[in-house]
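Accompanying notes for the structure given below.
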Protein chains: 2
Amino acid sequence: MPDFFEVVHRQRACRAFRPDPVDDDTLGKVLDAATFAPSAENRQPWVFLVVREAALRGAIGECNRKVWEAGARAHSEGRLSPGLLREVDEGARGGVAEAPVIVVVCGDLELGNARVIEASVFPAVQNLLLAATAVGLGSALTTLPLALGDELRGALGLPGHLQPLAVVPLGWPRKPLGPPRRIPFAEKAFRDRYGAAW
Amino acid sequence: MPDFFEVVHRQRACRAFRPDPVDDDTLGKVLDAATFAPSAENRQPWVFLVVREAALRGAIGECNRKVWEAGARAHSEGRLSPGLLREVDEGARGGVAEAPVIVVVCGDLELGNARVIEASVFPAVQNLLLAATAVGLGSALTTLPLALGDELRGALGLPGHLQPLAVVPLGWPRKPLGPPRRIPFAEKAFRDRYGAAW
């Protein structure tokens, strides 16, 4: 039984995966956890495209690579540490597509208002990432391929009411993941009003 | 040590709280967990306004009540079960403001792009809700008061670059919370392409 706080403190992005498959039982546990997130009016406007087919994963990886090279890389260069930039680089240029599973998480606009759909879908995405960590899977939250929404929509056969919001590669990590680095919460929290330090 | 999957399956909205205070250590544990969420470029664009002052909580509750009565209630009527509607009604008309702590979670637009800030803030909100569940606190994810963003912004002294995204009441539940109800994940998941059932 994985300890809740231990899972939370261990979760971090994985961008290099072993080719070994991920079985349905393990994926089911992760997807089930995702659906226990809150949503406006409990309408549960999430839809998961669980992509294992190699050609489709390649197409998603290709969207990722295009967006990264068309501008995202230039934007991140100098903002990310050299180590992290290299890691994201390798992920965008192939690592993400090499994950044996890519989950595309969509918001169902027939069940949620487009203006606030993110508030009802990203909590589910976070449950998915945490549950992946709990069962030992590597994962990452990426939104890059969404800049090519129409290309992605075509490949996955998505109808108009499904809006892709997140792309999550899942697989067994190629190497152990280090601890995540975070700014202490006290530097991000105020008492009552802005300016009154925690 | 709370079990990860048990916490995930137990998390649900709480809208009626005991007046007992929540100490800093407990809140710190919850806020710390929130900051371990992922964000674009690990920029961590979250800011937490931790509101305990009664007058301020009243003002936030008042925003909630106004938005609810101005249209949200009418929108939800007939869509929610009578029991859930009554619960949300009581929350909007006083229960939320009675929580001893209200956390307003903002996105820092100096650290994240407004177009995708939700993807970097709602995972932290979900960590916060789960951690609250793990320590026994009741919580709820609400976005209603944000329809009155300027009023909220004024009361909390928020500068222009902080965009309020979620309002989370925290406190000890007045009564035990039942289990959350969810549609099974298999009805929300497809294999590879839309239409191919799980």
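For the stretch B:47-58, the criterion of being touching a Cys at 6+ places or on another chain (Cβ under 6 Å) and β-branched (Val, Ile, Thr) is met by at least one residue. Do the conditions hold for A:ASP20, that is, is it touching a residue at least 40 places away in the same chain (Cβ under 8 Å), farther than 23 Å from B:SER120 by Cβ and surrounded by fewer than 17 Cβ atoms within 10 Å (Cβ to Cβ)? Yes; evaluated as a whole, the condition is true for this residue. All conditions but one from (1) on the phi > 0 side of the Ramachandran plot; (2) more than 8 Å from chain A (Cβ to nearest Cβ) apply to B:PRO145; the one that does not is (1). Taking the criterion of being of a type in the set (A, V, I, L, M) and crowded, with 22+ Cβ neighbours inside 10 Å, the residues of the stretch A:112-139 that qualify are A:ILE117, A:ALA119, A:VAL121, A:ALA124, A:VAL125, A:LEU128, A:LEU129, A:LEU130, A:ALA131, A:ALA132, A:ALA134, A:LEU137. In the stretch B:151-165, how many residues are more than 10 Å from chain A (Cβ to nearest Cβ) and under 19 Å from the mean Cα position of the chain (by Cα)? Qualifying residue count, the stretch B:151-165: 4. If you go through the stretch A:87-103 one residue at a time, do you hit one that is surrounded by fewer than 23 Cβ atoms within 10 Å (Cβ to Cβ), free of Cβ contacts under 8 Å to residues at least 24 places away in the same chain and over 20 Å from B:ALA119 (Cα atoms)? The answer is yes, given that some residue of the stretch A:87-103 is surrounded by fewer than 23 Cβ atoms within 10 Å (Cβ to Cβ), free of Cβ contacts under 8 Å to residues at least 24 places away in the same chain and over 20 Å from B:ALA119 (Cα atoms). Is there a residue being within 30 Å of B:GLU53 (Cα to Cα) and in a loop (DSSP other than H, G, I, E, B) anywhere in the stretch A:157-171? Checked the stretch A:157-171: no residue is within 30 Å of B:GLU53 (Cα to Cα) and in a loop (DSSP other than H, G, I, E, B).
Just one of the numbered conditions (1) aliphatic (A, V, I, L, M); (2) facing another protein chain (nearest Cβ under 8 Å); (3) over 19 Å from A:VAL8 (Cβ atoms) is not true of B:ALA70: (2).
Among the residues of the stretch A:107-126, is any within 13 Å of chain B (Cβ to nearest Cβ) and at positive phi? Within the stretch A:107-126, not a single residue is within 13 Å of chain B (Cβ to nearest Cβ) and at positive phi.
Considering only the stretch A:37-49, I want to know if a residue exists there that is more than 10 Å from chain B (Cβ to nearest Cβ) and surrounded by 19 or more Cβ atoms within 10 Å (Cβ to Cβ). No: zero hits.
Only a single item in (1) touching a residue at least 24 places away in the same chain (Cβ under 8 Å); (2) over 15 Å from the mean Cα position of the chain (by Cα) is not met by B:ARG115, and it is number (1). Determine whether B:ARG73 is among the basic types (Lys, Arg), closer than 29 Å to B:ALA40 by Cα and without any contact (Cβ under 8 Å) to a residue 24 or more places away in the chain. It is false that B:ARG73 is among the basic types (Lys, Arg), closer than 29 Å to B:ALA40 by Cα and without any contact (Cβ under 8 Å) to a residue 24 or more places away in the chain. So, in the stretch A:74-86, of the ones that are within 8 Å of chain B (Cβ to nearest Cβ) and not hydroxyl-bearing (Ser, Thr, Tyr), which residue ends up surrounded by the fewest Cβ atoms within 10 Å (Cβ to Cβ)? In this case the residue turns out to be A:ARG79.
From A:PRO145, A:PRO173, A:PRO169, which residue is at pLDDT below 95, surrounded by 15 or more Cβ atoms within 10 Å (Cβ to Cβ) and over 25 Å from A:ASN42 (Cα atoms)? A:PRO145 is the lone residue from the list that is at pLDDT below 95, surrounded by 15 or more Cβ atoms within 10 Å (Cβ to Cβ) and over 25 Å from A:ASN42 (Cα atoms). Scanning the stretch A:13-36 for residues that are within 18 Å of B:VAL7 (Cβ to Cβ) and out of contact with any strand residue (DSSP E or B) (no Cβ under 8 Å at 6 or more places or on another chain) returns A:LYS29, A:ASP32, A:ALA33, A:PHE36.
The values are calculated or read from the model by the stated rules, or taken from the named source; none is laboratory data. Keep in mind that this is a model prediction, so the values were computed, not measured. Please note: Cβ atoms are built from the backbone with ideal geometry, for glycine as well, and neighbour counts cover all protein chains shown.
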